[in-house]
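The values are calculated or read from the model by the stated rules, or taken from the named source; none is laboratory data. Predicted, not measured: the structure shown is a model, and the values here were computed from it. Glycine gets a Cβ as well: all are built from the backbone with ideal geometry, and neighbour counts include every protein chain shown. Side chains included, ligands, DNA and RNA excluded: accessible areas come from the protein's heavy atoms. Shrake-Rupley method; radii C 1.70, N 1.55, O 1.52, S 1.80 Å.
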Amino acid sequence: VQLQASGGGLVQAGGSLRLSCVASGITFSRYVMGWYRQAPGKQRELVAYITKDGTTNYVDSVKGRVAISRDNAERTVYLQMNSLKPEDTAVYYCNARFVASAYWGQGTQVTVSS
């Protein structure tokens, strides 16, 4: 199983980034796909997730600024992030979850400068 995340980078506050995560080795359409982030010195936290049926959920701090989506044909989950803030700076991880199985991607760094 492999989750390959990409799209991170350095952006100024107020800017946008789109993260992508391509999955292989799993039946992608069955999995709940999520994005987590971990800032230096902090615990990893859930940012957003999307179910196999397309239901989404967001942590309060990103609501209205972030949108998660998925393309089952491409086995890809996206995280569109707008109006980025310095506090969004973190390593962002892709997660795939199905019943008792869970997999993590390698992470992609997002840095937002003020």
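For this structure, a couple of remarks:
- Exposure check, 1.4 Å probe, all protein chains in place: VAL99 carries approximately 130 Å² of accessible surface.
- In the chain, the portion of solvent-accessible area held by carbon and sulfur atoms comes to 46 percent [1.4 Å probe, whole percent, DNA, RNA and ligands not counted].
- Partner aspartates and glutamates whose Cα lies under 13 Å from the Cα of LYS52, excluding those fewer than 8 positions away in the same chain, are identified as ASP71.
- Solvent exposure of the stretch 1-91 as accessible area per residue, Å², 1.4 Å probe: 52
- All C-alpha pair distances within the chain, sorted into 5 Å bins from zero, spread as 2, 13, 25, 26, 19, 10, 4, 1, 0 percent across the bins.
- Dimensions (Å) - the stretch 1-58, Cα atoms, principal axes, largest first: 36, 23, 21
- Cβ-based net charge around VAL91, under 12 Å, with every Lys or Arg adding one and every Asp or Glu removing one: +1
- For LYS42, a cut-off of 23 angstrom between C-alpha atoms picks up these lysines, skipping any fewer than 8 places away in its own chain: LYS63, LYS85.
- Once the Cα-Cα distance is subtracted from the 0.36 nm per residue extended length, the LEU10 to LYS85 segment shows a gain of 25.8 nm.
- Built amide H within the under 5 Å cut-off of VAL47, gap 5+: TRP35, TYR36, ARG37
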